[in-house]
Amino acid sequence: MTITRKDFLKAGALGILLPHLATPTPFATNSLPNLAPGNLPSADELWKWLEQLAAWCPAATGSAGHTAFVNFLDQQLRAAKLTPQRKTFHLPYWEPKAWSLKAGDEKLHVTGYRPYSGPTSASGVTAPLYNAGTVPNLDYSGASGKIVLVEVAPAPDRGSGHRAGDLIGTYPANATVPDVGYGALGAYRTAPDLKQAQQAGAAGVIYIWNNVSDGNAEDQAAPFTAPPSPVPALWVGRSTGQKLKSLAASGASINLTMHAISHPDTPTDNIWAILPGKTDEAIIINTHTDGCNAVEENGALGVVALAKYFGKLPASDRNRTLVFLMTTGHFAHGLVRGTQDWINTNPDLMKKAVACVTIEHLGATEWVDHPAANEYKPSGEYEWGIAYTPRHPEGDLFLKAVQGTEAKNTFAFRPEGSYPGEGAGFFRAGIPTLSYIPTPQYLFVEPVKGGAIDKLDKNRLHGEVVTFTRCVVALDKMTVAEIRGEVKSA
């Protein structure tokens, strides 16, 4: 099964259904104003923030690292002379402690765990192996009391690009957008939840990567959208998977350990700040704060950078009120839904919102998977940055704003079927929304330390922040009719 960017768009787990939209009125963006010199954090300062985030990772919802990051964002908003507001939720935070597989005295290599699965005791569970087959053709009939093998086969490849009508434009303008299969990233869709295994009485589950290199499989923690389950589950690479299938065929048993601690009633906060403008019309700049590494999620660094920029401008230079919103719950496996709660509990701001800009996954470089050669390596290019918007005005604006920056290999795209990410709820509310969501292969890796910062780039990060500062400056000067594409700008 090939997981292309188009499949990613259509995934209901990350988005909402889009209604049919008529072709919008063509839009000609005015020249964007120059940014006020010195108002934005420098590339070096942004990178210093990112290094601190990486040191706190993984920043799973409610974890110590996540709490430290939210407190850091609070400090940055205060430094910008804004008053943070916070709302606290509670969840049973799942903290992984140790995970392993052993066949007799032999320790087998585990690439990662399935978050919010199990847990087992520190000594694990020992049971016979049972091979249920390959997704989607799984047979759990013999799974009772056994540790079940499930082969997951997302197939990375490069295809012919998007169909006409989807693509608004690219930067650079002559770039060809590849239709990239996402390999390990696609597992959030192809890995089944553990409900069938639980109903069948399985003692545990081992997911086997197929058509994914061992390097790409390493540290992947998927799927991040699945509900909690009492069945413990781990991931292994292809070579370990082959050995496990042979052991299953011989009737062998294995020891699976997924030792984790559940912390009931763990607090986790939404945080936001409001910067008044000359009118009460609002532009929302948003992201989420929880994640598994330094790219997923670092969008809040961009949000607070914009807060610092606009906070330094005279009030007379801000036409609209700006809302800097950073929510929790994206990685809470359905236990907390911070963005939707904020939408539901702030009806006045939602009614006054004329645009939303969502910022996620900054600074990414491209790593390419070659499963046939079992090879995973950098391409030397930036990861393709995707600016999703159902309206051409925001797509045109983005393509204008990105010019001359290091946010290269980007494109504006009109999604079909669903609207992904943290901007989905604002789109659903009828607010014109621009959502920037690059999706590198390593988006869901959860390394023990380091946060995968070695795969990120300082100049790309700064270029993206400059781009979205320009976007908000321009949106602030546009009329509502221009934002909605109902008229051309003057």
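The values are calculated or read from the model by the stated rules, or taken from the named source; none is laboratory data. All values reported here derive from a predicted model rather than from experimental measurement. Counting neighbours? That spans all protein chains shown, and the Cβs are built from the backbone with ideal geometry, glycine included. Side chains are part of the model used for accessible areas, which takes the heavy atoms of the whole protein and leaves out ligands, DNA and RNA. Shrake-Rupley method; radii C 1.70, N 1.55, O 1.52, S 1.80 Å.
Here is a check on your reading of the model: is PRO415 under 29 Å from LYS352 (Cβ atoms), assigned to a loop (DSSP other than H, G, I, E, B) and within 21 Å of the chain's Cα centre (by Cα)? Considered against the rule, which asks whether it is under 29 Å from LYS352 (Cβ atoms), assigned to a loop (DSSP other than H, G, I, E, B) and within 21 Å of the chain's Cα centre (by Cα), PRO415 comes out as yes.
This table checks each residue for (1) touching a residue at least 24 places away in the same chain (Cβ under 8 Å); (2) over 30 Å from GLY311 (Cβ atoms); (3) surrounded by 16 or more Cβ atoms within 10 Å (Cβ to Cβ).
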residue: THR83; (1), (2), (3): yes, no, no
residue: HIS90; (1), (2), (3): yes, yes, no
residue: TRP94; (1), (2), (3): yes, yes, yes
residue: LEU101; (1), (2), (3): yes, yes, yes
residue: LYS107; (1), (2), (3): no, yes, no
residue: GLY112; (1), (2), (3): yes, yes, yes
residue: PRO115; (1), (2), (3): yes, yes, yes
residue: PRO119; (1), (2), (3): yes, yes, yes
residue: GLY124; (1), (2), (3): yes, yes, yes
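Looking across region 348-385, the residues that are under 13 Å from THR467 (Cβ atoms) and aliphatic (A, V, I, L, M) come down to VAL357, ILE359, LEU362. Taken over region 310-322, the criterion of being surrounded by fewer than 22 Cβ atoms within 10 Å (Cβ to Cβ) and part of a helix (DSSP H, G or I) is satisfied by GLY311, ALA315, SER316, ASP317.
Going through (1) under 15 Å from PRO438 (Cβ atoms); (2) under 20 Å from the mean Cα position of the chain (by Cα); (3) open to solvent by 20 Å² or more (accessible area, probe 1.4 Å) one by one, TYR388 falls short only on (3).
Only one entry of ARG78, ARG114 meets the criterion of being under 18 Å from PRO232 (Cα atoms) and of a type in the set (D, E, K, R), and that entry is ARG114.
Just one residue in the set LEU50, LEU108 is among the aliphatic types (A, V, I, L, M) and either farther than 30 Å from SER253 by Cα or touching an Asp or Glu at 6+ places or on another chain (Cβ under 8 Å) (or both); that residue is LEU50. Going through region 354-370 one residue at a time, which ones are surrounded by fewer than 23 Cβ atoms within 10 Å (Cβ to Cβ) and not β-branched (Val, Ile, Thr)? Scanning region 354-370 gives GLU366, TRP367, HIS370.
Going through (1) part of a loop (DSSP other than H, G, I, E, B); (2) under 21 Å from GLU297 (Cβ atoms) one by one, TRP367 falls short only on (1).
For the structure I just gave you, tell me whether ASP166 is modelled with pLDDT of 95 or more and farther than 17 Å from ALA217 by Cα. Criteria not met by ASP166. Within region 435-490, the set of residues being charged (D, E, K, R) and in a helix (DSSP H, G or I) comprises ASP454, LYS455, LYS458, ARG460, GLU464, ARG470, ASP476, LYS477, GLU482.
Scanning for something more than 30 Å from ARG238 (Cα to Cα), out of contact with any strand residue (DSSP E or B) (no Cβ under 6 Å at 6 or more places or on another chain) and of a type in the set (A, V, I, L, M, F, W, C), does region 314-328 turn up at least one residue? Yes; the residues of region 314-328 include at least one that is more than 30 Å from ARG238 (Cα to Cα), out of contact with any strand residue (DSSP E or B) (no Cβ under 6 Å at 6 or more places or on another chain) and of a type in the set (A, V, I, L, M, F, W, C). When residues in region 419-462 are screened for being open to solvent by less than 10 Å² (accessible area, probe 1.4 Å) and charged (D, E, K, R), 1 of them pass. In the set (1) open to solvent by 20 Å² or more (accessible area, probe 1.4 Å); (2) part of a strand (DSSP E or B), the condition left unmet by LEU325 is number (1). The requirement of being within 23 Å of THR170 (Cα to Cα), in a loop (DSSP other than H, G, I, E, B), out of contact with any Lys or Arg (no Cβ under 7 Å at 6 or more places or on another chain) and at pLDDT below 95 is satisfied by LYS408. Would you confirm, using the coordinates I've provided, whether ALA307 is over 30 Å from ASN216 (Cβ atoms), part of a strand (DSSP E or B) and of a type in the set (A, V, I, L, M)? Criteria not met by ALA307.
The set of residues in region 334-352 being open to solvent by less than 10 Å² (accessible area, probe 1.4 Å) and either at pLDDT below 95 or not in a helix (DSSP H, G or I) (or both) consists of VAL336 alone.
Considering (1) modelled with pLDDT of 95 or more; (2) assigned to a helix (DSSP H, G or I); (3) not charged (D, E, K, R), the lone condition that PHE8 does not fulfil carries the number (1).
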